[in-house]
1. Amide H of A157 versus every other amide H placed in the peptide plane: which residues, excluding those fewer than 5 positions away on the same chain, fall under 5 Å?
2. Each residue of the range 108-117 in order: what ³J(HN,Hα) in whole Hz does its phi give by Karplus 6.51 cos²θ - 1.76 cosθ + 1.60, θ = phi - 60°, with x for Gly and Pro?
3. Sorted from largest down, give the three principal axis spans of the alpha carbons of the range 165-207, whole angstrom values.
4. Leaving out same-chain residues fewer than 8 places away, which lysines sit with a Cα under 21 Å from that of K96?
5. Give me the compactness ratio for the chain, meaning the Cα radius of gyration over 2.2 N^0.38 Å.
6. Quick one: work out Rg over Rh on the C-alpha atoms of the range 9-103, Rh as Kirkwood radius.
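All of the numbers you see were taken from the coordinates with simple rules; none came from a lab. Nothing here was measured: the structure is a model prediction, and the numbers come from that model.
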Amino acid sequence: MGFFVREIGDTLKGKTFILSGSGNVAQYAAQQVHKQGGKVIALSDSKGVIFDEAGISDKKLSDVLDIKNSRRTSLREYTEQFPDAKWTNFSNQEDKCNPLWQLKCDVALPCATQNELNAAGAMALVDNGVTIVAEGANMPSTPGAIEVLREAKVAFAPGKASNVGGVASGGFEMVQNAQRMAWTAEKVVQELDSIMTRIHAGCVATSKQ
């Protein structure tokens, strides 16, 4: 995402983020947001949304990981540990707007599931001043949502580019298995950075055609 943000002449530092989901993709994305100086204020799961205006810090995120990865329960428990946070139940009705997308933020990262961001959700984000939407899940935005974001000139990173890291990492595992050797974490990051650099350059070139 760093390439994308620099391309539009912006920075993630000081920006507020909302992330859908609380699984592997959302957890890793939240960690990267922290490293870039951003503030995560909301996460979700299949039952609802947690909103923490003070920010879901590294310490609080470790509690989220414990809730989802170890105890495997609802994010609602987050509010028991941090009572200033707010919990909102999630509605599965497709014609309605997920309460997550109604929160005011600078950046939205749909990281949960397909078609989770519909036109109503995109309009709510636009009305609340979102400037960047980057997909972390596979096709999380409906065509209607993408059109709303495009017309509002919101910077949009499609999952086919921004979410390719997971597929690439799977390929790295196949290479390591075939070579009967294990790469260091630094080697994985180096190879992934090279792939993402080429993909970003290709996206920029295509957008200018």
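1. Under 5 Å from the amide H of A157 lie the amide H atoms of V133, A134, E135, each far enough along the sequence or on another chain.
2. So the J values, rounded to whole Hz, are 10, 10, x, 10, 9, 7, 5, 6, 6, 9.
3. The Cα atoms of the range 165-207 stretch 40, 17, 14 Å along the principal axes, largest first.
4. K47, K86, K104
5. Computed over Cα atoms of the chain, the ratio equals 1.03.
6. Dividing the radius of gyration by the Kirkwood radius yields 0.96.
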